[in-house]
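> Sharing a structure with you now.
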Amino acid sequence: MSNNLNKKFHLAENIFDSPDQVPARNGYGEGVVEAGEADKNVVVLCCDLTESTRNAKFKETFPNRFVEVGIAEQNMAGLAAGMAFSGKIPYMSSYATFNPGRNWDQIRVSICYSMANVKIMGAHAGISVGPDGATHQAMEDIAITRCLPNLTVIVPCDYWETKKAAIEIARIERPVYMRFGRGKIPVITTDNTPFQIGRADTYREGNDVTVIACGSLVYEALIAAEKLSGDGISVRVINCHTVKPIDEKAIIKAAKETGAIVSAEEHQVHGGLGSAVAEVVAANSPVPMEYVALMDRFGESGEPNELMKKFGLDSKGIIKAVKKVLKRK
């Protein structure tokens, strides 16, 4: 393990050498079962995607607390809101293009405006859905949820963090949106890695530039930082899993101490993590920023790794952005 990794976060020992690969959605599937075991009010609603959204185990464990809504995401949001006002803790799940994509109005009014205690699960998020193509590649979901009042937005970085988030959100009484992808991604955290909603975690120390990432790009940021260290560039890496409420203190501290920031996310460049970070930086400690994201276009069909590479959503894309921002520092 690199000496610059923050040891208090107990990151996986094999991050830089063939890390385990597990879908983040598996973490949700296991986490929601644990949440259900801890609280009998936890219920799950799904839109004809029980297996792919990893709700099958919950359905098997708690058949009387699982509702198959069918292909009706807007109805699902209304049902979930009603259940929340009846004292339940509903987790409603579908692909992120449909939830929150198709039922945004119901999420806005029935859930967020009404402060219904609903947990919105956006599965198969990002371009790494791959062959499903642009219509199923949710690249705007952070933007359309981050703008809604009363809604917490979480983008976990791997299996363990997704599992912890799925458990933790049952304990907070407010609407939450959480997104996670389809395919296998590196497991960089462990069962012992701390996780707290609203707190950004500094996984690697550095003085020259900070990369603030979420989701699968956290791993790519760590790889980029390790490679850049060979060029004498010291990169701080922050896992900003909670996009809203964002950890302003961590961002301001990074801006003041490193003087340059790169944001990295599997999302459109407009309205996502990068925009949230820029809002904090501009208001408190302006420094040069660069963005690693999908640059205002739709995705396309292809294998997940090929698409991530094509659109620069990988360590090479982050390295390029770091070198560019350092020239502006």
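The values are calculated or read from the model by the stated rules, or taken from the named source; none is laboratory data. As the structure is a computational prediction, the values presented were derived from the model and not from experiment. Cβ placement follows ideal geometry from the backbone for every residue including glycine, while neighbour counts extend to all protein chains displayed.
> Take region 50-66 and flag every residue that is farther than 16 Å from ASN26 by Cα and of a type in the set (A, V, I, L, M, F, W, C). Before the answer, list the steps.
Taking region 50-66 and keeping what is farther than 16 Å from ASN26 by Cα, we get 62-66.
Scanning region 50-66 gives PHE62, PHE66.
> Does region 3-36 hold any residues that are loosely packed, with under 13 Cβ neighbours inside 10 Å and more than 16 Å from TRP160 (Cβ to Cβ), and which are they?
Passing the criteria: ASN3, LYS7, ASP17, SER18.
> Here's a follow-up. Within the bounds of region 294-303, is there any residue that is at pLDDT 95 or above, outside the structural domain of GLN137 (by TED's automatic domain parsing) and within 20 Å of SER234 (Cα to Cα)?
no
> Continuing with the same structure: Would you please list the contacts, defined by Cβ atoms under 8 Å and residues six or more apart or on different chains, that run from a residue in region 297-320 that is under 11 Å from ALA134 (Cβ atoms) and touching a residue at least 24 places away in the same chain (Cβ under 8 Å) to a residue that is acidic (Asp, Glu) and in a helix (DSSP H, G or I)?
SER301/ASP132
> In this structure, does ASN75 turn out to be within 23 Å of ARG171 (Cα to Cα) and not in a strand (DSSP E or B)?
Numbers: within 23 Å of ARG171 (Cα to Cα): no; not in a strand (DSSP E or B): yes.
So ASN75 fails the test.
> If you don't mind, another one. Taking the criterion of being among the acidic types (Asp, Glu), in a strand (DSSP E or B) and crowded, with 17+ Cβ neighbours inside 10 Å, would at least one residue in region 288-307 satisfy it? Talk me through it step by step, then tell me what you get.
Narrowing region 288-307 to residues among the acidic types (Asp, Glu): 290, 296, 300, 303, 306.
Then drop every residue that is not in a strand (DSSP E or B), which leaves 290.
Filter again for crowded, with 17+ Cβ neighbours inside 10 Å, leaving 290.
Yes, region 288-307 has at least one match.
> Limited to region 244-259, what total is found for residues that are touching an Asp or Glu at 6+ places or on another chain (Cβ under 8 Å) and free of Cβ contacts under 8 Å to residues at least 24 places away in the same chain?
Matching residues across region 244-259 total 0.
> Looking at region 88-107, I want the residues that are within 14 Å of LEU49 (Cα to Cα) and have a partner that is hydrophobic (A, V, I, L, M, F, W, C) and surrounded by fewer than 22 Cβ atoms within 10 Å (Cβ to Cβ) with Cβ atoms under 6 Å, at least 6 apart or on another chain. Which pairs are those?
SER94/LEU49
> Looking at this structure, is GLY317 part of a loop (DSSP other than H, G, I, E, B), under 26 Å from MET178 (Cβ atoms) and small (Gly, Ala, Ser)? Write out each step before concluding.
Values: part of a loop (DSSP other than H, G, I, E, B): no; under 26 Å from MET178 (Cβ atoms): yes; small (Gly, Ala, Ser): yes.
Spelling it out, it is not the case that GLY317 is part of a loop (DSSP other than H, G, I, E, B), under 26 Å from MET178 (Cβ atoms) and small (Gly, Ala, Ser).
> Which residue pairs have Cβ atoms closer than 7 Å, lie 6 or more positions apart in sequence or on different chains, and pair a first residue in region 189-206 that is over 15 Å from ILE167 (Cα atoms) with a second residue that is buried (at least 16 other Cβ atoms within 10 Å of the Cβ) and basic (Lys, Arg)?
Cβ pairs passing all conditions: THR202/ARG236; ARG204/ARG236; GLU205/ARG236; GLY206/ARG236.
> Moving on. For residues that are of a type in the set (D, E, K, R) and surrounded by fewer than 24 Cβ atoms within 10 Å (Cβ to Cβ), tally how many sit in region 153-183.
Filtering region 153-183 for residues of a type in the set (D, E, K, R) gives 158, 161, 163-164, 168, 171, 173-174, 179, 182.
When the remaining residues are screened for being surrounded by fewer than 24 Cβ atoms within 10 Å (Cβ to Cβ), the result is 164, 168, 171, 173-174, 182.
Number of matching residues: 6.
> Then there is this: When you scan region 134-148, do you find a residue that is charged (D, E, K, R) and farther than 16 Å from LYS244 by Cα, even just one? Before you say what the answer is, go through the steps one by one.
The first filter runs over region 134-148 and keeps only residues charged (D, E, K, R), leaving 140-141, 146.
Applying the additional criterion that residues be farther than 16 Å from LYS244 by Cα yields none.
No - not one qualifying residue is present in region 134-148.
> Residue under question is SER93, and the condition is that it be within 30 Å of GLY274 (Cα to Cα) and touching a Cys at 6+ places or on another chain (Cβ under 9 Å); does it hold? If you could, list the steps in order and put the result at the bottom.
Values: within 30 Å of GLY274 (Cα to Cα): yes; touching a Cys at 6+ places or on another chain (Cβ under 9 Å): yes.
In short, yes.
> Given the criteria under 19 Å from the mean Cα position of the chain (by Cα) and surrounded by 18 or more Cβ atoms within 10 Å (Cβ to Cβ), does VAL281 qualify? If you could, list the steps in order and put the result at the bottom.
Working: under 19 Å from the mean Cα position of the chain (by Cα): no; surrounded by 18 or more Cβ atoms within 10 Å (Cβ to Cβ): yes.
For VAL281, the condition - under 19 Å from the mean Cα position of the chain (by Cα) and surrounded by 18 or more Cβ atoms within 10 Å (Cβ to Cβ) - is not met.
Conditions (1) closer than 18 Å to ALA166 by Cβ; (2) buried (at least 18 other Cβ atoms within 10 Å of the Cβ); (3) at pLDDT below 95, marked per residue:
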residue	(1), (2), (3)
VAL42	yes, yes, no
LEU45	yes, yes, no
ASP48	no, no, yes
ALA56	yes, no, no
ALA81	no, yes, no
PHE85	no, no, no
SER94	yes, yes, no
PHE98	no, yes, no
ASP105	no, no, no
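> Let me ask something else about it. Tell me, yes or no, whether region 65-74 has at least one residue that is among the aliphatic types (A, V, I, L, M), within 16 Å of ILE167 (Cα to Cα), assigned by TED's automatic domain parsing to the domain that holds ALA170 and surrounded by 17 or more Cβ atoms within 10 Å (Cβ to Cβ).
Residues of region 65-74 that are among the aliphatic types (A, V, I, L, M), as a first pass: 67, 69, 71-72.
Next, from what is left, pick out any that are within 16 Å of ILE167 (Cα to Cα): none.
No, because not a single residue in region 65-74 is among the aliphatic types (A, V, I, L, M), within 16 Å of ILE167 (Cα to Cα), assigned by TED's automatic domain parsing to the domain that holds ALA170 and surrounded by 17 or more Cβ atoms within 10 Å (Cβ to Cβ).
> Next question, about the same structure. Tell me, which residue of region 48-72 that is assigned to a helix (DSSP H, G or I) and over 25 Å from the mean Cα position of the chain (by Cα) is farthest from HIS124 (Cα to Cα)? Talk me through it step by step, then tell me what you get.
Going residue by residue through region 48-72, those that are assigned to a helix (DSSP H, G or I) are 56-61, 63-65.
Next, from what is left, pick out any that are over 25 Å from the mean Cα position of the chain (by Cα): 60-61, 63-65.
Values: GLU60: 22, THR61: 23, PRO63: 24, ASN64: 26, ARG65: 23 Å.
Selected residue: ASN64.
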